[in-house]
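Throughout, read-outs are computed from the coordinates displayed, never taken from laboratory work. Keep in mind it's a predicted model, so treat the numbers as computed, not measured.
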Amino acid sequence: MRSYFTPILLAPLALAACGDPAPTYVDQAWVRLSPNKDMPSSGYFIAHGGDADTALRGVLTDYALKVEMHESMSEGGKMTMKPIESVPIPAKSKVAFAPGGKHLMLWGVNDTAIGRGKMTLTFLLANGDRLLVDAIIEKPGAAAPASAPSPDDHKAH
Ligand SMILES: [Cu+2]
């Protein structure tokens with residue numbers, strides 16, 4: 001009767017990975033397409049802080065001509081916005097880029113991405129991590145709110 005060895009599971013290696021600190025990650029990314037091709041579109045997402053403080057240093061994509069991080073603010077009753085270079089993401093925190101606050105501006109969103117309904121964004125962190133996240137592209141539809149002040153209005157630029 002022949003005996004054979006049961007392969008030994010690689011559990012010790014897998015367990016070693018559990019000691020790694022929780023990374024910062026980004027989810028719920030979406031882009032609100034500008035109804036006017038000459039105007040920038042807006043992008044939103046939520047950054048979740050990991051075990052260590054870091055910062056978001058920028059966002060890149062192959063599917064738009066240019067991306068900037070902006071912050072909206074109310075000044076003398078008027079909404080204005082300005083570019084921001086870096087956004088702190090403290091450990092265990094949640095930093096939202098949302099309509100009316102921090103947002104991405106995307107110029108020249110690529111037709112291929114629009115056709116697919118999503119585009120990949122690369123988030124550059126201060127700790128050297130690069131996070132690739134798919135953002136859903138929401139087309140400007142007939143149901144778009146008409147009265148609310150829109151963060152897509154970039155005439156202030
Ligand atoms: Cu803006």
Extension gain residue 91-residue 116, at 0.36 nm per residue separation less the Cα-Cα distance, in nm? 5.6 nm
Mind checking which aspartates and glutamates have their C-alpha under 16 Å from residue 37, skipping anything on the same chain fewer than 8 residues away? 111, 138, 152, 153
Computed over the range 20-138, the ratio Rg/Rh where both radii use C-alpha atoms and Rh is Kirkwood: 0.98
Which links in 92/118; 66/92; 66/102; 82/102; 118/139 stretch past 21 Å when you go from one Cα to the other? 92/118; 66/92
